[in-house]
Every structure is written in C-alpha cells, then in structure tokens.
1. Hey, could you check the stretch 73-92 for residues that are out of contact with any strand residue (DSSP E or B) (no Cβ under 6 Å at 6 or more places or on another chain) and hydrophobic (A, V, I, L, M, F, W, C) and say which is modelled with the lowest pLDDT?
2. Only one residue in Gly226, Gly237 is within 15 Å of the ligand (Cβ to nearest atom), surrounded by fewer than 24 Cβ atoms within 10 Å (Cβ to Cβ) and modelled with pLDDT of 95 or more, so which one is that?
3. Every residue in the stretch 207-255 that is closer than 18 Å to Gln145 by Cβ and part of a helix (DSSP H, G or I), please.
4. Between residues in the stretch 219-243 that are touching a residue at least 60 places away in the same chain (Cβ under 8 Å) and residues that are assigned to a helix (DSSP H, G or I) and among the small types (Gly, Ala, Ser), which pairs lie under 7 Å by C-beta distance while being six or more apart or on different chains?
5. For the stretch 53-82: of the residues being free of Cβ contacts under 8 Å to residues at least 60 places away in the same chain and either in contact with a helix residue (DSSP H, G or I) (Cβ under 7 Å, 6 or more places away or on another chain) or in a loop (DSSP other than H, G, I, E, B) (or both), which is surrounded by the most Cβ atoms within 10 Å (Cβ to Cβ)?
6. Does at least one position in the stretch 257-278 carry a residue that is surrounded by fewer than 20 Cβ atoms within 10 Å (Cβ to Cβ), modelled with pLDDT of 95 or more, within 16 Å of the ligand (Cβ to nearest atom) and in a strand (DSSP E or B)?
7. Among the residues of the stretch 45-60, how many are more than 16 Å from Ile96 (Cβ to Cβ) and away from the ligand (no atom under 12 Å from the Cβ)?
8. For the list (1) modelled with pLDDT under 95; (2) in contact with a Ser or Thr (Cβ under 8 Å, 6 or more places away or on another chain); (3) not aromatic (Phe, Trp, Tyr), I need the number of the one condition that Met1 fails.
Amino acid sequence: MKKFNFGMKKWFGMTSLAAVLVLGACSSGGDASGSDASLGSQVDHKIIGIDPGAGIMNAAQKAVTDYGLSDWTLVEGSGAAMTATLDKAIKKKDPIVVTGWTPHWMFSKYDLKYLEDPKKSFGEAEEIHTIARQGLEQDHPEAYQFLDKFEWTEEEMGEIMIAIQGGTTAEQAAKDFVKAHPERVAEWTDGITPVSGDTVTLAFVAWDSEIASFSLVQEIMQDKLGFTVKGLQVEAGPMWLGVAQGDADASLAAWLPLTHADYWDKYQDKIEDLGANMKGVKTGLVVPAYVEANSIEDLVDAK
Ligand code: PBE
C-alpha cells in the first residue's frame, strides 16, 4: 500500500472514486483470447487511460482518430487505476494497452515499450514547465527565483518515484533525496535569501511524476528557504485555472508544448511560463514487451 501524506483529505477519496469508474468501465466481454485473435479483440478494443483532464487523454483520442481506430475505446480512470490494471495484466501475462509517460516508475518495475507513433499524435520533444501566477515575482521574489532556477533530470525524479512506489512516504522520499544530493540542492538554492515562514501554494495533479516534483520542491522550499508550502491537489484543468486566477502561486506540472496545449492556449496570457524544469519527457501508448505490436498502426485489426 502506498502512503502519501500531504495533509490533504482529498487523496484517498479521489483515488478510490477513479478506481470505481475504471472498474465500472471494464466489464468483460473480450470476444477472444486465442493467439490468432487480433490484439484489439484480445484487449476488448480498450486503451486503459487515466483522468479525463490529463493532456495524454486528448493525445490518445487524437491517436484513435489519426490511426483509424474507430472501434477502440479510451477508458477513463486515474493514474493509480491505470497502473493497478497494468499490474494485474502483467501478472497474468495478458495483453494490455495503456496511456503511459516518462518519467514513470512503471518502466523500471516492468518490461514495457512505447508503441511507435509515426503520425506524431503524441507530439515530439515534450518538456515539463514551471508556471507561475502573475505577480509572484513581486510578492515572493525568493520563491520566484528558486522556481525559476529549479531544473532536474529524469533519473533524479526516478529516484523519488521509485522510493514512493516502494512504500516510502512522498515526504520522506523528498527528504532522502535532499540528503543524498546536497550539491544539487545547493545549485538550486545558491544566492537565494531564506524567508521566515512566507506561505506559497503549489498546485499539482496526483500523477506519480508530479507527486515527486511537488514533494521535492516543497521539501527544499521549506527546509532550505524558510517557506511554508501548501499543496493544492487538483485535476489538470483546475491546476491551470488555479495559477491563472492566483489561487495557486505556481505549478511544476505543465507539460508542453503538446500535452497541455489546450490549457496553454486558454491561460497563457494570465500566467508566466518559467521554462522547463525537465526536458526530454514523453507520452504515448505503452504495452508490455511481450505484446507483439510495435507501432500504434499495429492496433488496426487486419481486414
Ligand atoms: N501525464 C503526466 C500528464 C502530464 C504529466 C502525462 C499524465 C498529462 O497527460 O496531462
């Protein structure tokens, strides 16, 4: 059982609700499991998705159109429900197609592969950006300086995600990271004068990658820079809206240019883009390595 402790009641409620939704949507009815059946019929023409506000859901829906997968359904759920469904399938060596992204611990835990995406439905060269509300620089210059500077790597995020997946609390995983990488923390905080208890609110979505970034930044800002950091755990739309309206001071969870393009188009004039906090990230359709398909094109049933 994973333990998250952000001092927020929402977590368990949200996760179990999402799990119920995905279970409800996953009625059986696969019409074939023989090895001659198409991959589509073996998985009941279902792509296991995540929360409907996630940008990867738009991209996956676009892939359904781009590749002519009209008989396929994109199943809504949550990140946690998706990994639970994936785990079950892998234990039985069943085929499965999920929406996946990197960085994610699932690539270290399981032998997985991205389906090639020659039509680029999932875009290219994606980055995770830090976005801030207008006025943050004036109101909390030290927070702004740090958030503007903070940039890390997939491997570093992986350390925290894997620790959490292994049962460490997010808070403890962040503390362990800070202890293990003093020189990185010094780079990020150098020259920034600590404050005494100013409160900033960071909005994030409960995707495993964003739980990791929120937890680390919260720990550093509190422990090294003297802030009180509140977490506003919401869905993707409210996260962008929250920063645009100033309910949240910033977020480290903006996936650009493609994944959150709709939110960017809507809110770009009301937020400040502080640039990438991680480069070379990726989203796509993911299958266990034992599934024969190599490209999204292979999901089309042979006629
Ligand atoms: N994700 C993880 C998010 C961004 C971070 C790929 C699930 C999304 O699709 O919006």
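The values are calculated or read from the model by the stated rules, or taken from the named source; none is laboratory data. Only a predicted model underlies this, so the values are computations on that prediction, with no experimental measurement involved. Cβ sites come from the backbone with ideal geometry, for glycine too, and all protein chains shown count toward neighbours.
1. Here is the first cut: in the stretch 73-92, the residues out of contact with any strand residue (DSSP E or B) (no Cβ under 6 Å at 6 or more places or on another chain) are 76-81, 83-84, 87-89, 91-92.
Now narrow it down to the ones that are hydrophobic (A, V, I, L, M, F, W, C): 80-81, 84, 89.
On the way: Ala80: 94, Ala81: 97, Ala84: 97, Ala89: 98.
Looking at residues that are out of contact with any strand residue (DSSP E or B) (no Cβ under 6 Å at 6 or more places or on another chain) and hydrophobic (A, V, I, L, M, F, W, C), I get Ala80.
2. Step by step, each of Gly226, Gly237 is checked, and only Gly237 is within 15 Å of the ligand (Cβ to nearest atom), surrounded by fewer than 24 Cβ atoms within 10 Å (Cβ to Cβ) and modelled with pLDDT of 95 or more.
3. Of everything in the stretch 207-255, those that are closer than 18 Å to Gln145 by Cβ and part of a helix (DSSP H, G or I) turn out to be Ser213, Leu216, Val217, Gln218, Glu219, Ile220, Met221, Gln222, Asp223, Val243.
4. Met221/Ala143; Phe227/Ala143; Ala236/Gly55
5. Result: Gly77.
6. Yes.
7. 0
8. That leaves (2) as the condition not met.
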